[in-house]
Amino acid sequence: MDPTQFPYYPINDFGPVMKGLAIGGLGIFHVFLAQFAIGGGLLLCLFQWLAMTGREPAARLFIDGYFKFLVLLSFVTGALTGVGMWFTAIQVSPETIGLMVGEFHWIWAIEWTFFAVEVIAGYAFYRYGHDLRDAARLQLLAIYSLAAWFSLFWINGILAWQLTPGDWAVDGGVWSGFFNPSFWPSLLFRTAASMAIAGLVACVVINAMGSLDYAMRRRLIHRAAWLMAPMVAMPVFGAWFLAVIPDDSRSWATGGSIAMTMFLTAAVGASVLIGGYALVGLLRQRLYINGATATLLVVLAFVASAGGEFVREGVRKPYTVRGALYSNSITPELVATFREVGSVTHDPYPLRDADAYPTDQLRLGRLVYRRQCSVCHSVSGANGLTHLTGSWTTDQMRFNISHLQHTKPFMPPFAGTPAELEALVQWIAWENAARPADWTDSDTSALDARLRELLADAGTRPGDFERHRAEQP
(Lines give C-alpha, C1' and ligand atoms only; values in the text may rest on other atoms or scores of the structure.)
Protein backbone atom coordinates (compact mmCIF):
# COMPACT_ATOMS: atom_id res chain seq x y z
CA MET A 1 0.00 0.00 0.00
CA ASP A 2 1.18 3.50 -0.82
CA PRO A 3 2.17 5.03 2.56
CA THR A 4 0.96 8.45 1.41
CA GLN A 5 -2.56 7.02 1.21
CA PHE A 6 -2.73 6.06 4.88
CA PRO A 7 -5.76 7.58 6.63
CA TYR A 8 -5.07 11.06 7.90
CA TYR A 9 -7.19 12.17 10.82
CA PRO A 10 -7.69 15.93 11.15
CA ILE A 11 -7.02 17.12 14.66
CA ASN A 12 -9.46 19.52 16.26
CA ASP A 13 -8.55 23.15 16.76
CA PHE A 14 -8.41 24.37 20.35
CA GLY A 15 -8.11 28.02 19.35
CA PRO A 16 -5.41 29.94 21.26
CA VAL A 17 -4.69 26.94 23.49
CA MET A 18 -1.78 24.85 22.27
CA LYS A 19 -2.93 21.25 21.87
CA GLY A 20 -0.06 20.09 24.03
CA LEU A 21 -1.40 22.26 26.85
CA ALA A 22 -4.87 20.74 26.51
CA ILE A 23 -3.65 17.18 26.91
CA GLY A 24 -0.74 18.10 29.18
CA GLY A 25 -2.85 19.99 31.70
CA LEU A 26 -5.37 17.18 31.97
CA GLY A 27 -2.57 14.60 32.03
CA ILE A 28 -0.76 16.27 34.92
CA PHE A 29 -3.95 16.35 36.99
CA HIS A 30 -4.71 12.72 36.16
CA VAL A 31 -1.19 11.51 36.96
CA PHE A 32 -1.22 13.30 40.31
CA LEU A 33 -4.54 11.67 41.24
CA ALA A 34 -3.36 8.26 40.05
CA GLN A 35 -0.18 8.48 42.10
CA PHE A 36 -2.22 9.55 45.11
CA ALA A 37 -4.41 6.46 44.69
CA ILE A 38 -1.38 4.16 44.47
CA GLY A 39 0.35 5.61 47.51
CA GLY A 40 -2.97 5.77 49.34
CA GLY A 41 -3.36 2.02 49.09
CA LEU A 42 0.05 1.45 50.68
CA LEU A 43 -0.75 3.96 53.40
CA LEU A 44 -4.05 2.26 54.21
CA CYS A 45 -2.35 -1.12 54.49
CA LEU A 46 0.15 0.38 56.93
CA PHE A 47 -2.56 1.96 59.08
CA GLN A 48 -4.72 -1.18 59.05
CA TRP A 49 -1.72 -3.16 60.28
CA LEU A 50 -1.12 -0.55 63.00
CA ALA A 51 -4.77 -0.80 64.03
CA MET A 52 -5.03 -4.59 64.13
CA THR A 53 -1.76 -5.00 66.04
CA GLY A 54 -2.73 -2.40 68.62
CA ARG A 55 0.17 -0.09 67.77
CA GLU A 56 -2.09 2.85 66.91
CA PRO A 57 -5.58 2.96 68.48
CA ALA A 58 -6.78 5.86 66.29
CA ALA A 59 -5.66 4.25 63.04
CA ARG A 60 -9.05 2.74 62.23
CA LEU A 61 -10.80 6.09 62.60
CA PHE A 62 -8.32 7.56 60.15
CA ILE A 63 -8.78 4.71 57.67
CA ASP A 64 -12.53 5.15 57.49
CA GLY A 65 -12.22 8.90 56.97
CA TYR A 66 -9.24 8.76 54.60
CA PHE A 67 -10.71 6.07 52.39
CA LYS A 68 -13.88 8.07 51.81
CA PHE A 69 -11.70 10.96 50.70
CA LEU A 70 -9.64 8.60 48.51
CA VAL A 71 -12.75 7.20 46.82
CA LEU A 72 -14.32 10.60 46.22
CA LEU A 73 -11.18 12.26 44.86
CA SER A 74 -9.27 9.44 43.21
CA PHE A 75 -11.89 6.97 42.04
CA VAL A 76 -14.42 9.47 40.75
CA THR A 77 -12.21 12.33 39.56
CA GLY A 78 -9.38 10.00 38.53
CA ALA A 79 -11.71 7.87 36.45
CA LEU A 80 -13.22 10.90 34.74
CA THR A 81 -9.82 12.40 33.93
CA GLY A 82 -8.63 9.01 32.70
CA VAL A 83 -11.45 8.86 30.18
CA GLY A 84 -10.74 12.50 29.38
CA MET A 85 -7.10 11.62 28.67
CA TRP A 86 -8.10 9.04 26.07
CA PHE A 87 -10.60 11.41 24.47
CA THR A 88 -8.13 14.32 24.37
CA ALA A 89 -5.26 12.16 23.11
CA ILE A 90 -7.40 10.91 20.24
CA GLN A 91 -8.33 14.50 19.42
CA VAL A 92 -4.70 15.64 19.43
CA SER A 93 -2.68 12.74 18.04
CA PRO A 94 -4.66 9.66 16.99
CA GLU A 95 -1.67 8.23 15.12
CA THR A 96 0.37 8.14 18.34
CA ILE A 97 -2.41 6.46 20.31
CA GLY A 98 -2.98 4.06 17.43
CA LEU A 99 0.69 3.04 17.45
CA MET A 100 0.72 2.59 21.23
CA VAL A 101 -2.42 0.46 21.22
CA GLY A 102 -1.28 -1.48 18.17
CA GLU A 103 2.02 -2.41 19.79
CA PHE A 104 0.81 -2.96 23.35
CA HIS A 105 -2.86 -3.91 23.16
CA TRP A 106 -2.36 -6.96 25.37
CA ILE A 107 -0.41 -4.87 27.87
CA TRP A 108 -3.25 -2.36 27.95
CA ALA A 109 -5.69 -5.24 28.49
CA ILE A 110 -3.63 -6.48 31.46
CA GLU A 111 -3.49 -2.96 32.89
CA TRP A 112 -7.24 -2.52 32.55
CA THR A 113 -7.75 -5.85 34.32
CA PHE A 114 -5.70 -4.66 37.28
CA PHE A 115 -7.56 -1.36 37.25
CA ALA A 116 -10.86 -3.25 37.36
CA VAL A 117 -9.60 -5.26 40.35
CA GLU A 118 -8.50 -2.01 42.02
CA VAL A 119 -11.92 -0.44 41.58
CA ILE A 120 -13.81 -3.54 42.72
CA ALA A 121 -11.62 -3.97 45.80
CA GLY A 122 -11.86 -0.28 46.60
CA TYR A 123 -15.62 -0.08 46.38
CA ALA A 124 -15.98 -3.38 48.27
CA PHE A 125 -13.96 -1.90 51.13
CA TYR A 126 -15.93 1.35 50.94
CA ARG A 127 -19.23 -0.54 51.15
CA TYR A 128 -18.43 -3.44 53.49
CA GLY A 129 -15.13 -2.59 55.18
CA HIS A 130 -16.67 -1.45 58.46
CA ASP A 131 -18.38 -4.86 58.85
CA LEU A 132 -15.28 -6.98 58.17
CA ARG A 133 -12.82 -8.42 60.66
CA ASP A 134 -9.35 -6.88 60.77
CA ALA A 135 -7.66 -9.67 58.83
CA ALA A 136 -10.22 -9.47 56.03
CA ARG A 137 -9.91 -5.67 55.93
CA LEU A 138 -6.15 -5.94 55.54
CA GLN A 139 -6.50 -8.55 52.80
CA LEU A 140 -8.97 -6.38 50.88
CA LEU A 141 -6.75 -3.32 51.24
CA ALA A 142 -3.72 -5.36 50.12
CA ILE A 143 -5.61 -6.46 46.99
CA TYR A 144 -6.51 -2.86 46.28
CA SER A 145 -2.95 -1.66 46.86
CA LEU A 146 -1.29 -4.35 44.74
CA ALA A 147 -3.79 -3.86 41.89
CA ALA A 148 -3.18 -0.09 41.94
CA TRP A 149 0.61 -0.52 41.88
CA PHE A 150 0.51 -3.10 39.09
CA SER A 151 -1.69 -0.74 37.09
CA LEU A 152 1.20 1.73 37.36
CA PHE A 153 3.67 -1.04 36.47
CA TRP A 154 2.03 -1.74 33.10
CA ILE A 155 1.32 1.87 32.17
CA ASN A 156 4.84 2.91 33.11
CA GLY A 157 6.37 0.50 30.61
CA ILE A 158 4.31 1.91 27.74
CA LEU A 159 5.03 5.54 28.64
CA ALA A 160 8.74 4.86 29.10
CA TRP A 161 8.83 3.11 25.70
CA GLN A 162 7.85 6.36 24.00
CA LEU A 163 11.16 7.94 25.04
CA THR A 164 13.48 4.92 25.19
CA PRO A 165 12.15 2.14 22.92
CA GLY A 166 15.29 0.09 23.53
CA ASP A 167 15.65 -3.06 21.45
CA TRP A 168 12.09 -2.64 20.13
CA ALA A 169 13.56 -0.34 17.49
CA VAL A 170 15.61 -3.32 16.25
CA ASP A 171 13.44 -6.41 16.75
CA GLY A 172 9.97 -4.92 17.23
CA GLY A 173 9.35 -7.19 20.23
CA VAL A 174 6.68 -6.22 22.75
CA TRP A 175 8.81 -7.10 25.77
CA SER A 176 11.88 -5.47 24.23
CA GLY A 177 9.92 -2.24 24.13
CA PHE A 178 8.20 -2.68 27.47
CA PHE A 179 11.29 -3.41 29.57
CA ASN A 180 13.18 -0.51 28.05
CA PRO A 181 16.16 1.41 29.52
CA SER A 182 14.06 3.95 31.44
CA PHE A 183 11.49 1.43 32.73
CA TRP A 184 12.97 0.76 36.16
CA PRO A 185 14.15 4.25 37.14
CA SER A 186 10.82 5.79 36.17
CA LEU A 187 8.84 3.04 37.95
CA LEU A 188 10.83 3.40 41.17
CA PHE A 189 10.68 7.19 41.02
CA ARG A 190 6.90 7.16 40.54
CA THR A 191 6.46 4.66 43.37
CA ALA A 192 8.40 6.86 45.79
CA ALA A 193 6.51 9.94 44.60
CA SER A 194 3.18 8.14 45.07
CA MET A 195 4.03 7.26 48.65
CA ALA A 196 5.10 10.82 49.45
CA ILE A 197 1.93 12.31 47.94
CA ALA A 198 -0.25 9.91 49.93
CA GLY A 199 1.56 10.78 53.15
CA LEU A 200 1.15 14.51 52.55
CA VAL A 201 -2.55 14.21 51.73
CA ALA A 202 -2.96 12.10 54.87
CA CYS A 203 -1.57 14.98 56.92
CA VAL A 204 -4.22 17.29 55.42
CA VAL A 205 -7.03 14.80 56.10
CA ILE A 206 -5.86 14.14 59.67
CA ASN A 207 -5.94 17.86 60.45
CA ALA A 208 -9.45 18.08 59.01
CA MET A 209 -10.86 15.26 61.17
CA GLY A 210 -12.65 16.98 64.05
CA SER A 211 -13.13 13.69 65.91
CA LEU A 212 -9.39 13.47 66.63
CA ASP A 213 -7.74 15.33 69.50
CA TYR A 214 -4.29 16.92 69.22
CA ALA A 215 -2.42 13.90 70.60
CA MET A 216 -4.14 11.54 68.16
CA ARG A 217 -3.42 13.83 65.21
CA ARG A 218 0.22 14.14 66.20
CA ARG A 219 0.70 10.35 66.41
CA LEU A 220 -1.09 9.72 63.11
CA ILE A 221 0.93 12.39 61.32
CA HIS A 222 4.18 10.81 62.47
CA ARG A 223 2.92 7.43 61.21
CA ALA A 224 1.94 8.91 57.85
CA ALA A 225 5.38 10.49 57.55
CA TRP A 226 6.88 7.00 57.27
CA LEU A 227 5.69 6.88 53.67
CA MET A 228 7.79 9.95 52.87
CA ALA A 229 11.05 8.21 53.82
CA PRO A 230 11.63 6.76 50.29
CA MET A 231 12.03 10.34 49.04
CA VAL A 232 15.67 10.03 50.09
CA ALA A 233 16.19 7.71 47.08
CA MET A 234 14.40 9.91 44.54
CA PRO A 235 17.56 11.84 43.52
CA VAL A 236 19.18 8.50 42.69
CA PHE A 237 16.21 7.39 40.59
CA GLY A 238 16.09 10.79 38.85
CA ALA A 239 19.81 10.72 38.04
CA TRP A 240 19.44 7.15 36.78
CA PHE A 241 16.60 8.24 34.49
CA LEU A 242 18.63 11.14 33.07
CA ALA A 243 21.60 8.82 32.51
CA VAL A 244 19.68 6.32 30.36
CA ILE A 245 17.68 8.68 28.14
CA PRO A 246 19.12 9.79 24.76
CA ASP A 247 21.84 12.44 24.81
CA ASP A 248 19.78 15.05 22.98
CA SER A 249 16.80 14.47 25.29
CA ARG A 250 19.04 14.95 28.32
CA SER A 251 20.42 18.15 26.79
CA TRP A 252 16.91 19.68 26.49
CA ALA A 253 16.33 19.21 30.22
CA THR A 254 19.77 20.39 31.33
CA GLY A 255 20.02 23.67 29.44
CA GLY A 256 19.22 23.03 25.78
CA SER A 257 15.60 24.17 26.19
CA ILE A 258 15.06 26.93 28.72
CA ALA A 259 11.41 25.95 29.25
CA MET A 260 12.26 22.32 30.02
CA THR A 261 15.17 23.35 32.23
CA MET A 262 12.97 25.75 34.20
CA PHE A 263 10.29 23.09 34.72
CA LEU A 264 12.94 20.58 35.79
CA THR A 265 14.34 23.14 38.23
CA ALA A 266 10.86 23.78 39.62
CA ALA A 267 10.27 20.04 40.05
CA VAL A 268 13.62 19.50 41.76
CA GLY A 269 13.25 22.57 43.95
CA ALA A 270 9.75 21.63 45.12
CA SER A 271 10.87 18.05 45.79
CA VAL A 272 13.85 19.26 47.84
CA LEU A 273 11.59 21.48 49.96
CA ILE A 274 9.13 18.64 50.57
CA GLY A 275 11.85 16.07 51.20
CA GLY A 276 13.75 18.35 53.55
CA TYR A 277 10.68 19.10 55.64
CA ALA A 278 9.55 15.48 55.69
CA LEU A 279 12.89 13.85 56.43
CA VAL A 280 14.25 16.42 58.86
CA GLY A 281 11.12 17.95 60.40
CA LEU A 282 8.63 15.10 60.47
CA LEU A 283 10.80 11.99 60.68
CA ARG A 284 13.89 13.19 62.53
CA GLN A 285 12.60 15.99 64.77
CA ARG A 286 9.03 14.62 64.91
CA LEU A 287 7.50 18.06 64.47
CA TYR A 288 3.77 18.57 64.28
CA ILE A 289 2.41 19.81 60.94
CA ASN A 290 -0.82 21.80 60.82
CA GLY A 291 -3.39 21.77 58.03
CA ALA A 292 -2.12 24.94 56.34
CA THR A 293 1.45 23.70 56.12
CA ALA A 294 0.33 20.26 54.98
CA THR A 295 -1.81 21.83 52.26
CA LEU A 296 1.12 23.97 51.11
CA LEU A 297 3.30 20.85 50.85
CA VAL A 298 0.60 19.10 48.78
CA VAL A 299 0.58 22.09 46.44
CA LEU A 300 4.38 21.85 46.18
CA ALA A 301 4.01 18.14 45.42
CA PHE A 302 1.63 19.01 42.60
CA VAL A 303 4.16 21.54 41.27
CA ALA A 304 6.88 18.89 41.40
CA SER A 305 4.65 16.37 39.62
CA ALA A 306 3.62 18.92 36.99
CA GLY A 307 7.22 19.92 36.32
CA GLY A 308 8.34 16.32 36.04
CA GLU A 309 5.53 15.41 33.64
CA PHE A 310 6.25 18.45 31.48
CA VAL A 311 9.90 17.43 31.23
CA ARG A 312 9.05 13.79 30.54
CA GLU A 313 6.81 14.84 27.66
CA GLY A 314 9.16 17.54 26.42
CA VAL A 315 12.38 15.53 26.23
CA ARG A 316 10.78 13.18 23.67
CA LYS A 317 10.96 15.93 21.06
CA PRO A 318 11.08 15.82 18.11
CA TYR A 319 9.25 12.49 18.55
CA THR A 320 6.15 11.19 20.23
CA VAL A 321 7.67 7.72 19.91
CA ARG A 322 11.45 7.85 19.70
CA GLY A 323 12.70 7.07 16.21
CA ALA A 324 9.28 5.88 15.02
CA LEU A 325 6.88 8.84 14.94
CA TYR A 326 7.52 12.56 14.95
CA SER A 327 5.53 14.95 17.11
CA ASN A 328 3.43 15.91 14.07
CA SER A 329 2.49 12.23 13.55
CA ILE A 330 4.65 11.83 10.44
CA THR A 331 7.03 8.88 10.40
CA PRO A 332 10.73 9.52 9.62
CA GLU A 333 10.42 7.33 6.51
CA LEU A 334 7.66 9.52 5.08
CA VAL A 335 9.62 12.79 5.24
CA ALA A 336 11.51 12.08 2.01
CA THR A 337 8.33 10.82 0.34
CA PHE A 338 6.37 13.92 1.29
CA ARG A 339 9.20 16.06 -0.06
CA GLU A 340 8.28 14.67 -3.48
CA VAL A 341 4.50 14.08 -3.39
CA GLY A 342 3.42 16.56 -0.72
CA SER A 343 2.08 16.11 2.79
CA VAL A 344 -1.47 17.32 2.05
CA THR A 345 -1.86 16.21 -1.56
CA HIS A 346 -4.27 13.47 -0.51
CA ASP A 347 -5.77 15.26 2.48
CA PRO A 348 -9.51 14.57 2.08
CA TYR A 349 -10.67 17.06 4.70
CA PRO A 350 -11.52 20.61 3.56
CA LEU A 351 -10.77 23.71 5.58
CA ARG A 352 -13.66 24.78 7.78
CA ASP A 353 -13.06 28.46 7.01
CA ALA A 354 -11.73 28.21 3.46
CA ASP A 355 -13.47 31.41 2.34
CA ALA A 356 -11.47 33.42 4.87
CA TYR A 357 -8.31 33.00 2.79
CA PRO A 358 -8.08 35.21 -0.30
CA THR A 359 -5.91 32.86 -2.42
CA ASP A 360 -5.40 29.15 -3.08
CA GLN A 361 -1.79 29.41 -1.94
CA LEU A 362 -2.89 30.61 1.48
CA ARG A 363 -5.42 27.80 1.71
CA LEU A 364 -2.64 25.34 0.90
CA GLY A 365 -0.46 26.93 3.57
CA ARG A 366 -3.21 26.53 6.14
CA LEU A 367 -3.54 22.84 5.23
CA VAL A 368 0.21 22.38 5.66
CA TYR A 369 0.02 24.12 9.04
CA ARG A 370 -2.82 21.80 10.07
CA ARG A 371 -0.86 18.71 9.02
CA GLN A 372 2.62 19.57 10.23
CA CYS A 373 2.48 22.37 12.79
CA SER A 374 -0.82 22.52 14.65
CA VAL A 375 -0.10 19.74 17.14
CA CYS A 376 2.52 21.89 18.88
CA HIS A 377 1.69 25.42 17.72
CA SER A 378 -1.35 27.66 17.73
CA VAL A 379 -1.66 30.50 15.25
CA SER A 380 -1.58 33.44 17.64
CA GLY A 381 -2.03 31.90 21.09
CA ALA A 382 0.19 29.63 23.17
CA ASN A 383 3.41 28.86 21.28
CA GLY A 384 1.85 30.82 18.42
CA LEU A 385 3.57 30.98 15.05
CA THR A 386 2.85 34.68 14.71
CA HIS A 387 4.75 35.32 17.96
CA LEU A 388 7.66 33.08 17.02
CA THR A 389 8.08 34.41 13.48
CA GLY A 390 6.91 38.01 13.87
CA SER A 391 10.39 39.47 13.41
CA TRP A 392 11.46 37.14 10.57
CA THR A 393 11.65 38.31 6.98
CA THR A 394 10.13 36.14 4.27
CA ASP A 395 13.56 34.84 3.27
CA GLN A 396 14.34 34.03 6.89
CA MET A 397 11.13 32.04 7.13
CA ARG A 398 12.00 30.10 3.99
CA PHE A 399 15.42 29.21 5.37
CA ASN A 400 14.39 28.55 8.98
CA ILE A 401 11.39 26.38 8.12
CA SER A 402 13.24 24.42 5.43
CA HIS A 403 16.02 23.83 7.99
CA LEU A 404 13.58 23.31 10.84
CA GLN A 405 15.43 20.41 12.46
CA HIS A 406 18.62 22.49 12.52
CA THR A 407 16.96 25.80 13.40
CA LYS A 408 15.47 24.12 16.47
CA PRO A 409 16.72 20.54 16.83
CA PHE A 410 13.77 19.51 19.00
CA MET A 411 11.51 19.99 15.97
CA PRO A 412 11.04 17.46 13.12
CA PRO A 413 12.22 18.11 9.57
CA PHE A 414 9.86 19.92 7.22
CA ALA A 415 8.01 17.19 5.31
CA GLY A 416 6.63 18.75 2.14
CA THR A 417 7.28 19.94 -1.38
CA PRO A 418 8.82 23.31 -2.28
CA ALA A 419 5.31 24.53 -3.15
CA GLU A 420 4.04 23.51 0.31
CA LEU A 421 7.01 25.21 1.95
CA GLU A 422 6.33 28.45 0.12
CA ALA A 423 2.59 28.19 0.83
CA LEU A 424 3.28 27.81 4.56
CA VAL A 425 5.67 30.78 4.49
CA GLN A 426 3.12 32.95 2.70
CA TRP A 427 0.31 31.89 5.04
CA ILE A 428 2.42 32.81 8.10
CA ALA A 429 3.35 36.11 6.49
CA TRP A 430 -0.33 36.77 5.81
CA GLU A 431 -1.20 36.00 9.44
CA ASN A 432 1.65 38.26 10.61
CA ALA A 433 0.21 41.03 8.41
CA ALA A 434 -3.13 40.78 10.28
CA ARG A 435 -4.90 38.78 7.55
CA PRO A 436 -5.44 41.48 4.89
CA ALA A 437 -8.34 41.02 2.47
CA ASP A 438 -6.03 41.40 -0.56
CA TRP A 439 -2.98 39.21 -0.98
CA THR A 440 -0.83 38.38 -3.98
CA ASP A 441 0.50 34.84 -4.35
CA SER A 442 4.25 34.47 -4.67
CA ASP A 443 5.69 33.01 -7.88
CA THR A 444 6.43 29.46 -6.80
CA SER A 445 7.89 28.48 -10.18
CA ALA A 446 10.51 31.23 -9.96
CA LEU A 447 11.40 30.16 -6.41
CA ASP A 448 11.34 26.41 -7.06
CA ALA A 449 15.06 25.96 -7.64
CA ARG A 450 16.00 27.97 -4.55
CA LEU A 451 13.47 26.17 -2.35
CA ARG A 452 14.65 22.77 -3.55
CA GLU A 453 18.22 23.78 -2.78
CA LEU A 454 17.26 24.79 0.74
CA LEU A 455 15.38 21.55 1.39
CA ALA A 456 18.18 19.44 -0.05
CA ASP A 457 20.73 21.24 2.11
CA ALA A 458 18.64 20.61 5.21
CA GLY A 459 18.18 16.91 4.42
CA THR A 460 15.47 14.69 5.80
CA ARG A 461 17.14 13.37 8.93
CA PRO A 462 16.44 14.82 12.38
CA GLY A 463 18.74 17.41 13.87
CA ASP A 464 21.76 16.09 15.71
CA PHE A 465 24.38 18.23 17.44
CA GLU A 466 27.11 15.60 17.35
CA ARG A 467 26.56 14.61 13.72
CA HIS A 468 26.42 18.25 12.65
CA ARG A 469 29.75 18.99 14.30
CA ALA A 470 31.31 15.86 12.79
CA GLU A 471 30.24 16.90 9.28
CA GLN A 472 31.88 20.31 9.49
CA PRO A 473 35.15 20.70 7.53
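Annotations for the structure displayed:
- THR359 meets all of the listed conditions (1) under 15 Å from TRP430 (Cβ atoms); (2) at pLDDT below 95; (3) not small (Gly, Ala, Ser) but one, namely (2).
- Those helices (runs of 4 or more DSSP H) of segment 280-398 in which 1 or more residues are farther than 21 Å from LYS19 by Cβ occupy 291-314, 332-341, 360-372.
- Pairs are defined by a Cβ separation below 6 Å, a sequence spacing of at least 6 or placement on different chains, a first member in segment 419-441 that is hydroxyl-bearing (Ser, Thr, Tyr), and a second member that is modelled with pLDDT under 95; no pair meets this definition.
- Enumeration of residues in segment 149-173 that are more than 15 Å from ILE107 (Cβ to Cβ) and in a loop (DSSP other than H, G, I, E, B): THR164, ASP167
- For segment 253-284, a residue qualifies if it is in contact with a Gly (Cβ under 9 Å, 6 or more places away or on another chain) and of a type outside the set (A, V, I, L, M), and the qualifying residues are SER257, THR261, PHE263, THR265, GLY269, SER271.
- The condition of being under 16 Å from the mean Cα position of the chain (by Cα), surrounded by fewer than 18 Cβ atoms within 10 Å (Cβ to Cβ) and either under 28 Å from GLY98 (Cβ atoms) or touching a residue at least 12 places away in the same chain (Cβ under 8 Å) (or both) holds for only one of ALA306, ALA259, that being ALA259.
- Test: residue in segment 123-131 that is loosely packed, with under 15 Cβ neighbours inside 10 Å and among the charged types (D, E, K, R): yes
- Which listed residue is outside any helix (DSSP H, G or I), under 34 Å from the mean Cα position of the chain (by Cα) and at pLDDT 95 or above, from PRO413, PRO462: PRO413
- Within the set ALA109, ALA160, ALA169, the sole residue that is touching a residue at least 40 places away in the same chain (Cβ under 8 Å), among the hydrophobic types (A, V, I, L, M, F, W, C) and either exposed (fewer than 15 other Cβ atoms within 10 Å of the Cβ) or under 21 Å from TYR319 (Cβ atoms) (or both) turns out to be ALA169.
- Only a single item in (1) assigned to a helix (DSSP H, G or I); (2) on the phi > 0 side of the Ramachandran plot is not met by ARG435, and it is number (1).
- Unique residue being among the aliphatic types (A, V, I, L, M), within 30 Å of LEU61 (Cβ to Cβ) and over 20 Å from the mean Cα position of the chain (by Cα) when the list is VAL204, VAL174: VAL204
- Look at segment 262-276: where a residue is among the hydroxyl-bearing types (Ser, Thr, Tyr) and a partner is buried (at least 16 other Cβ atoms within 10 Å of the Cβ), sitting 6+ places away or on another chain with Cβ atoms under 7 Å, you get SER271/MET234; SER271/ALA304.
- Test result for HIS387, touching a His at 6+ places or on another chain (Cβ under 9 Å) and modelled with pLDDT under 95: no
- Considered as a group, the residues in segment 48-87 that are under 22 Å from ILE38 (Cβ atoms) and of a type in the set (S, T, N, Q) include one that is modelled with the lowest pLDDT, and that residue is SER74.
- Of the residues examined, THR345 is not one that is surrounded by fewer than 19 Cβ atoms within 10 Å (Cβ to Cβ), assigned by TED's automatic domain parsing to the domain that holds PRO462 and modelled with pLDDT of 95 or more.
The values are calculated or read from the model by the stated rules, or taken from the named source; none is laboratory data. Here the structure is a predicted model, which means the values were calculated and not measured. So basically every Cβ, Gly included, is an ideal-geometry build from the backbone, and we count neighbours across all protein chains shown.
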